[in-house]
Amino acid sequence: MKIFIKIVLLLSLLSLLHAESTVNYDLSTDDIENPSVLNTLGPVDILDLSGYYSVGRDIERFKIVSLPDPSSGILYLEDGETEVQVGQVLEDCDADGLRFDPNPDFVGNATFQYASVNSNGEVDSTPATVTIPVYAKESNESDENVSETVGTTSTPNEECLCEDYDSAPSLSLWGVLLMMIITLTIAKEEFNREF
């Protein structure tokens, strides 16, 4: 019985050490339809990127798969000056502060694609599309009406304080811990019976 308990404890420990790396999460990335933006406003906030693990956990990183066509405008980080690059992986807090600077001569839908990235670095194989409708102000439209119907401008945060959720236990890790607790409880009862 003692050898059995030692083997179970050893297997539990090994499982605990490798639990996160063996979990295969299905990833989901959300398509986004941004509110319309006026083509002469300059950099405006766009809706936050979003995605989920199959177990319901929010995604902490996103990979930029494609950018808007340069003729439609430029995608920036929150500062409105740093251009986003294809292949760039953004922490959630950076992805929540993206800004789009429409080309003043462009009217239509500006689009780009992104994909969710889990804590193991796996990238969603089905990227989502962000659509940003861009329009021109009608000659008889007042500036007052325009400011109410388009994306907002804002000043960037001093610093992006991303939280690190990589160390958050997964469901499988909780299972391994539960198995270890049960094994230790059985071992304690066996020990108490022998003495």
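The values are calculated or read from the model by the stated rules, or taken from the named source; none is laboratory data. Note that this is a predicted model, so its numbers are computed, not measured. Backbone-built Cβ (ideal geometry, glycine too); neighbour counts: all protein chains shown.
Checked against (1) more than 24 Å from residue 137 (Cα to Cα); (2) modelled with pLDDT of 95 or more; (3) part of a strand (DSSP E or B), residue 116 passes all but condition (2).
Each residue in segment 91-108 was checked for being surrounded by fewer than 17 Cβ atoms within 10 Å (Cβ to Cβ) and either aliphatic (A, V, I, L, M) or farther than 20 Å from residue 53 by Cβ (or both), and 4 pass. When the test is whether a residue is assigned by TED's automatic domain parsing to the domain that holds residue 46 and free of Cβ contacts under 8 Å to residues at least 12 places away in the same chain, residue 121 passes it. Looking at segment 1-109, the strands (runs of 3 or more DSSP E) lying wholly inside it that each contain 3 or more residues that are of a type in the set (A, V, I, L, M, F, W, C), under 16 Å from the mean Cα position of the chain (by Cα) and at pLDDT 90 or above sit at 61-66.
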